[in-house]
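S.K.: Encoded as structure tokens, here's the structure I'll be asking about.
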């Protein structure tokens with residue numbers, strides 16, 4: 001029984017959250033570049049990527065508190081993002097979905113198997129094609145934020161349940 005104590009505590013906490021008037025929404029969006037790009041974490045690599053083994057994602061968790069304010073935790077399967085890219089994602093979340101910078105938490109998984117990401121990094125060396133792919137990630141990350149905000153519902157849990165935006 002001790003083995004499941006943590007799970008029971010988590011579920012009890014989730015049910016308590018549901019009774020407070022908070023709402024939650026989750027979403028994800030593919031941010032895999034559509035064309036070859038430079039890879040992050042491969043300093044000796046002298047050419048762009050040659051294919052895709054698996055997609056990378058932006059995942060969002062939106063939480064709306066009892067005062068009506070919405071916060072979003074947004075994770076990106078990237079090694080890092082620069083300030084300019086973070087600002088672009090934040091501007092998109094604010095303009096389209098009303099989530100201000102101070103209520104947005106950006107997190108990266110720090111994968112060394114993903115593309116160079118950031119609007120200032122190696123831009124001249126990569127050329128227009130790679131830059132266009134770098135612009136794709138902030139767009140899709142902003143959309144993940146928006147999807148999570150649009151489906152806010154009171155959190156609940158029951159055995160076998162899945163989230164609406166799975």
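Coordinate-derived values only; no laboratory data. The structure presented is a predicted model; accordingly, all values stated were derived computationally and were not measured. Cβ coordinates were reconstructed from backbone atoms using ideal geometry, including for glycine residues, and neighbour counts include every protein chain displayed.
S.K.: Using the basic label-point model (7 angstrom from Cα toward the beta carbon), what is the residue 139 to residue 35 distance in nanometres?
M.R.: 1.2 nm
S.K.: Here is a follow-up. Mind checking the full-extension length gain between residue 94 and residue 82? Use 0.36 nm per residue of separation minus the Cα-Cα distance, one decimal, nm.
M.R.: Taking residue 94 through residue 82 to full extension adds about 2.5 nm, to one decimal.
S.K.: Taking the Cα-to-Cβ direction at residue 50 and at residue 65 and moving 7 Å from each Cα, how far apart do the two end points lie in nm?
M.R.: Distance between the two pseudo-spin positions: 5.1 nm.
S.K.: Quote the FRET efficiency, to the nearest 0.05, computed for residue 101 versus residue 42 with a Förster distance R0 of 41 Å and r equal to the Cβ-Cβ distance.
M.R.: Taking R0 as 41 Å, the efficiency between residue 101 and residue 42 is 0.85.
S.K.: Kindly rank 81-91, 63-73 from highest to lowest mean number of other beta carbons found within 10 Å of each residue.
M.R.: Peptide ranking by packing, descending: 81-91, 63-73.
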